[in-house]
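Just below is one structure, and these are the notes that go with it.
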């Protein structure tokens with residue numbers, strides 16, 4: 001006992017014991033509290049990052065959905081505009097007259113317009129749309145032809161030029177003989193409706 005008391009009275013001994021106690025307390029705190037708490041904190045950080053990544057992915061998905069919805073609405077509006085410009089087959093003669101009026105305004109003289117009713121009578125429709133081939137014969141200057149083709153965009157129906165022919169005739173100079181082949185897009189109709197709108201034989205519409 002005297003030796004222990006003597007040793008304790010030594011300052012270095014007390015420092016060593018105190019340091020050992022502190023180390024034991026630190027080791028206990030590190031092992032029992034800090035290390036588990038640190039591991040739990042790391043797990044929470046990982047979960048937070050995963051949630052943030054998920055939220056970012058959801059935000060991107062929401063943005064894509066919003067863009068798709070806008071694109072869908074735009075396509076619906078465009079489709080509605082297209083459907084409005086699809087004419088009925090029973091209005092064919094009126095459409096031809098409007099083409100002739102457009103030609104006269106551009107400076108062309110329509111000589112003949114020949115619709116080909118074969119595709120309509122055979123029911124060759126693509127979905128709700130039928131394409132009626134039409135051949136237009138006219139006389140006029142080349143510049144007038146350009147004005148006519150440019151003005152087709154303003155027509156309340158769709159006429160798509162598919163072919164163009166120009167012939168020089170000295171008796172018509174400075175005018176040209178012009179042939180425009182195209183397709184007139186109509187709403188799909190039944191064979192009976194086509195038969196009512198079309199003549200018994202395809203006839204040229206002259207002197208428009």
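Going by C-beta contacts inside 10 Å, put 158, 34 in order with the fewest on the left.
Working: 158 18, 34 11.
Ordered from fewest to most neighbouring Cβ atoms within 10 Å, 158, 34 come out as 34, 158.
Can you put 74, 144, 135 in order of Cβ neighbours within 10 angstrom, beginning with the fewest? Provide the component values of the computation, followed by the final result.
On the way: 74 10, 144 21, 135 16.
Lowest to highest Cβ neighbour count: 74, 135, 144.
Counting other C-beta atoms within 10 Å, which of 142, 159 has the fewest, and how do the rest follow? Before the final figure, lay out the partial values.
On the way: 142 11, 159 22.
So the residues, fewest neighbours to most, are 142, 159.
How would you rank 86-92, 168-174, highest first, on the average number of other Cβ atoms within 10 Å across their residues?
Details: 86-92: 17.1, 168-174: 8.3.
Those peptides, ordered most packed to least, come out 86-92, 168-174.
All of the numbers you see were taken from the coordinates with simple rules; none came from a lab. Bear in mind the structure is a predicted one, so any value in this text is a computation, not a measurement. Backbone-built Cβ (ideal geometry, glycine too); neighbour counts: all protein chains shown.
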